[in-house]
1. Go through region 50-63 residue by residue and tally those that are in a helix (DSSP H, G or I) and in contact with a helix residue (DSSP H, G or I) (Cβ under 8 Å, 6 or more places away or on another chain).
2. Of these, Val46, Val99, Val15, which one is touching a helix residue (DSSP H, G or I) at 6+ places or on another chain (Cβ under 8 Å), without any contact (Cβ under 8 Å) to a residue 40 or more places away in the chain and surrounded by 13 or more Cβ atoms within 10 Å (Cβ to Cβ)?
Amino acid sequence: MRLVLLCSQTDERLVALARLGHERAFEAIARRYRPALLEAHAEAVVDEALGVARTRLRRGEDVRELRAWLCAIVRAVAGRALFDALAADAVARETVVTVARLPVRQRETLLRIARQDELGIPRFQGARAIASALTPLPLLTRLAR
């Protein structure tokens, strides 16, 4: 099936085709949802999450609501990226704990700056990915305890 034709298909049809290993169907899914996912998360996180989604679809995972399912995968991958970064770097771990203790407005401002890559500090080149992973902020609260 041509990609143009696939892009006009419903989410349910694309999921069914992707489960059967139809690469073009998954390309249509990625084309449809990648921009929305990128609005909230770093590109590397989204790319990895889409890879996870492809694998799960091929295994036949049940998908009722494609957008919600993809967002859940992105959140999980982002959280894993954050924990990996924190496990490898004591300074980053302490930074997250400190940021979690800041008043909400200050914390949100710092995270917004980090998401825009305006830090300019070589040590924190992964700040955008970490800030992206922290978009749902309850994780900060748990880490600060």
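1. The first filter runs over region 50-63 and keeps only residues in a helix (DSSP H, G or I), leaving 50-58.
Filter once more, keeping what is in contact with a helix residue (DSSP H, G or I) (Cβ under 8 Å, 6 or more places away or on another chain): 50, 52-54, 56-58.
Residues meeting the conditions: 7.
2. Values: Val99 fails: without any contact (Cβ under 8 Å) to a residue 40 or more places away in the chain; Val15 fails: without any contact (Cβ under 8 Å) to a residue 40 or more places away in the chain.
That would be Val46, the only listed residue that is touching a helix residue (DSSP H, G or I) at 6+ places or on another chain (Cβ under 8 Å), without any contact (Cβ under 8 Å) to a residue 40 or more places away in the chain and surrounded by 13 or more Cβ atoms within 10 Å (Cβ to Cβ).
Here, each number is a calculation from the coordinates, and none is a lab measurement. Being a predicted model, the structure only gives us computed values, none of them experimental. Every residue, glycine among them, receives a Cβ derived from its backbone with ideal geometry; neighbour counts consider all protein chains shown.
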